[in-house]
Amino acid sequence: SSSSSSSSSSSLPPVQHSPGQCEFSLTVEGHRPAVLRYTSTTSPPPGHLTLYTTVVPATLEGRGVAKLLADAAFDHAVAERRRVKLTCWYLSGYLARHPREDVIELLLD
């Protein structure tokens with residue numbers, strides 16, 4: 001089930017994670033950074049992440065940037081076994097279209 005859209009994202013830089021700022025970002029030269037922001041709790045351990053907004057500058061729309069940010073955030077939550085709350089409509093829709101069992105089992109209602 002290969003999709004033709006995957007090749008366009010290969011020219012994009014990797015997603016950076018800044019835990020101190022609670023955000024994942026992807027910066028393409030000449031554009032404002034695209035960001036996925038979250039809040040983090042540590043109780044009860046290991047705490048949970050609330051992924052609340054994904055912002056992609058209009059100049060980068062349609063290049064799969066939001067998808068890369070979503071995957072990075074989901075991968076991070078899975079790696080750390082953090083529960084996840086999605087209050088961002090984009091992320092909820094993305095997960096519905098591309099279900100990931102490893103993420104779904106971490107979701108908080």
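The values are calculated or read from the model by the stated rules, or taken from the named source; none is laboratory data. All of these numbers come straight from a predicted model, not from anything done at the bench. Note that each Cβ is placed from the backbone with ideal geometry, even for glycine, and that neighbours are counted across all protein chains shown. Areas reflect the complete protein model, heavy atoms only, side chains present, ligands, DNA and RNA absent. Shrake-Rupley method; radii C 1.70, N 1.55, O 1.52, S 1.80 Å.
On full extension, the segment bounded by Q16 and E29 gains 3.3 nm, given 0.36 nm per residue less the C-alpha separation. Segment T53..D109, full-extension length gain: 18.5 nm, with 0.36 nm per residue of separation and the alpha-carbon distance subtracted.
Here the chain exposes an accessible surface that is 53 percent carbon and sulfur, computed with a 1.4 Å probe and the other protein chains kept in place. Largest accessible area first, the residues D109, D102, D75 order themselves as D109, D75, D102 under a 1.4 Å probe with ligands, DNA and RNA left out.
Taking Cα centre as origin and charging only the Cβ of basic (Lys, Arg, +1) and acidic (Asp, Glu, -1) residues, the dipole magnitude of the chain rounds to 140 debye. Taking every protein chain into account, the accessible area of the chain amounts to 59 square angstrom per residue (probe 1.4 Å). Computed from the coordinates I sent, volume of the Cα convex hull per residue in Å³ equals one of [x] 97; [y] 114; [z] 105. Tell me the label. Computed from these coordinates, volume of the Cα convex hull per residue in Å³ corresponds to label [z].
Placing pseudo-labels 7 Å out from each Cα toward the beta carbon at H98 and T41 gives an inter-label distance of 2.8 nm. Per-residue surface analysis assigns H48 an accessible area of about 50 Å², computed on protein heavy atoms at 1.4 Å probe radius.
Expressed to the nearest 5 percent, the antiparallel share of DSSP beta bridges inside the chain is 70 percent.
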